1. With no solvent and one equal point scatterer per Cα, compute the Debye intensity ratio I(q)/I(0) for the range 429-502 at 0.12, 0.14, 0.15, 0.24 Å⁻¹ and report its log10, rounded to two decimals.
2. List the pair-distance distribution P(r) of the range 72-176, using every Cα-Cα distance, as the percent of pairs falling in each 10 Å bin from 0 up to the bin containing the longest distance, rounded to whole percents.
3. Which value, in debye to the nearest 20, gives the size of the charge dipole of the range 72-176 about its Cα centre, when Lys and Arg are +1 and Asp and Glu are -1 at the Cβ?
4. In degrees, nearest 10, range 0 to 90: what is the angle between the Cα axis of helix 142-153 and the longest Cα principal axis of the chain?
5. What do you get for the angle between helix 373-388 and the principal long axis of the chain? Use alpha-carbon atoms, 0 to 90 degrees, nearest ten.
6. Under 8 Å for C-alpha pairs, at least 6 residues apart: give me the relative contact order for the range 72-176, rounded to a whole percent.
7. If you put +1 on each Lys and Arg Cβ and -1 on each Asp and Glu Cβ, how big is the dipole of the chain around its Cα centre, in Debye rounded to 20?
8. Sort the following peptides by mean Cβ neighbour count (other Cβ atoms within 10 Å, averaged over residues), highest first: 536-549, 215-228.
Amino acid sequence: MSETRIGDVGRLAWFPSSKVTKWFVVGFWLLVLAAAFSPAGKLQGVLNNEAVAWLPKDAQSTQVVQQIEAFQSKNEFPAVIVYERPAGVTQADLQAVAAQVQRFNALEPVKKDSVGPIPAKDGKALQVIVPVDAGDAGWDSLGATVDDLRAIAKDRPAGLSMQVTGPVGYAADSSAAFSGIDGKLLYSAMAVVIVILLLTYRSPVLWLIPVVSAGTALFVAQAVIYFLAKGDTLTVNAQSSGILTVIVFGAGTDYALLLVARYREELRRHEDRHEAMAFALHRAGPAILASGATVIAGMLCLLVATMNSTKGLGPVAAIGIGVGLLVMLTLLPALLVVCGRWIFWPVRPTYGSVDHTRDGIWARVGRRIARAPRRTWVMTSVLLAVASLGVLQLNAVGLKNADSYYGKPESVVGEQTLARHFPAGSGSPVMVLANASEAAAVKSTLEGVQGVSTVTDPVTKGGRSLIQATLTDAPDSDAATKTVDRVRAAIGAVPGADAIAGGDTATRADTLRAAADDNVRIIPLILGVVLLILVLLLRAVTAPLVLIGTVVLSYGAAMGLSSLIFRHVLGFAGADSSLPLFVFVFLVALGIDYNIFLMTRVHEESKEIGTRRGALVGLAATGGVITSAGLVLAGTFAVLGTLPVVTFAEIGIAVALGVLLDTLVVRSVLVTALNLDLRGRMWWPSNLARRDRELDAAPLPDEGSAGTGGADVVAPEGVPQPAR
């Protein structure tokens, strides 16, 4: 590669492309991958899936956990074991369960004596509450204790059923649901990516390069996040860990598709593959960097969230995208030039061969839109707006435990059994802490709160008293949440009590409230940040505003259609309170990628041939690769549905549907129609807006000239094309 060429493309684009330095790039990433392999495998061991760890520090439920250590370990959780005999519990049943309680108490994690067996008033059930101390092993260790409890309870009279429920039971079922999550998502995402790449490239070997690069990015990102989580810098849970796998594979492969498409284009113009890659990086690199920067900026907006789980997801995803960008702009091009043109076999892009995108499906779509662009974008916008009305069916106020999984795990069945025979809130009391001097007054106040079944006597230590209130409603119900609000209002009015309420139901209430606050705070912030990046990238105001509007419309339509699918097709009872925010973040941050890919190419072409013809060239040149990228991202998010957890399925379905809408409708039809209708006004107030009419009227550049690349030129009907 000559010095002139290096100067033309820039040294950053040249470095991973040159005949010598490509080997340094490959060697560097091999060393990094070797160092990252072990810590990446340890990420699951530092996940924090405790619900209270997701909450802000100032939430009352968080404060209760911090202050309750004077009375019990903060790692102590109740396992509620419920026994049932529909014909009535016998004396033999009672004796057998009493004997089992002694064995429960002998288990190493049980530091205090269990409570029970407690007979139901109807005489058909027994209840045992086992206080389990998870210790330093944390929430995820409770599954092993539940296995021990079940093993002991097997030795019971015939006909007496048993289930483990309560916080420990749900922790065990949650742990089982998320067991092997990284492996499941990784292999599912790989399978989706490989199939789509095989269909896209029609090559039995080319798919290996993007997959190896994406895998490298994932392992390195997991290693970085492991060290941050181990040092308590980040709160990382199973949800953010799973999304990391999906987003790195999905977005990373998207960037790979864009670069490979531009590289293949340049291979037809340059005899030397190293030179072709340098020019591909020079031309596609800014769009990829802008897309990645947009996603990173959008994800980092989550740092202002009050929910620790949401706040932790932001840097986790940003790290994944950042590492993915580095890999796809260095390792991927180095591997491609190491392999040579044969990697595209059997359809190798030889020097001087013709690019057939000008005759492809997206060129034909562009010509159809060009006949009536205004009518096209108006009708498309109306249809998307109508689809958005389905969001009225979205019930994003949190999911009950029974509605959180596919099927009915034992903890759900146990809670239903418990509710038939005992106060529904048994085993998950509201934990109230108050000043000891006012404990009696607080207890009296609690007894008068609607929805409270029973109240324990205060236990006092160090000037503070613990009072437990059992609710009449199930701890995960809306009615119980309202009762907690009444409890807090009542005890807060006791003079000098300094009373606060926590526990499972209180945690749910604080989660719903914090999620609602985050939605209001973060969504406008993300829109502002993305708009600023687009203004800087396109050097215009109109185009960024138009693009933001189209993505928001796409988000609304995706949420509307998803809501209808959740309720009327899949039969989901509702949605997690964080769903609207998470889907918004992913669709706006990731969905804007496709508009950036398209509009940077349109901007590049418009400077040579005007916006009208540039819009059609941009659509024809990028249509295929963006469609493939959209299918990859939609497919990788859809694999979230392979987990038996409703929240993951809803995020996966909504994002996948939104990406498909954005790729196939918004970017290809709506944005192209707006480009054709607004023309030079899209670039206001830049110089290009003033020059557009002159450029549009000028003859098209000769084939092979700068800007259009010759073979890419596609004109609407009635506009002459260059001679060939």
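Please treat every number below as a calculation from the coordinates, not as lab data. Please read these numbers as outputs of a predicted model, since none were measured by experiment. All Cβ positions, even for glycine, are placed from backbone atoms using ideal geometry, and neighbour counts span all protein chains on display.
1. The calculated log intensity ratios at q = 0.12, 0.14, 0.15, 0.24 Å⁻¹ are -0.26, -0.36, -0.41, -1.00.
2. Going out from 0 Å in 10 Å bins, the range 72-176 shows 16, 50, 27, 7, 0 percent.
3. The calculation lands at about 360 debye.
4. Result, in degrees: 40.
5. 10
6. 41
7. The calculated dipole for the chain is roughly 1980 debye.
8. So the peptides 536-549, 215-228, ranked by packing, come out 215-228, 536-549.
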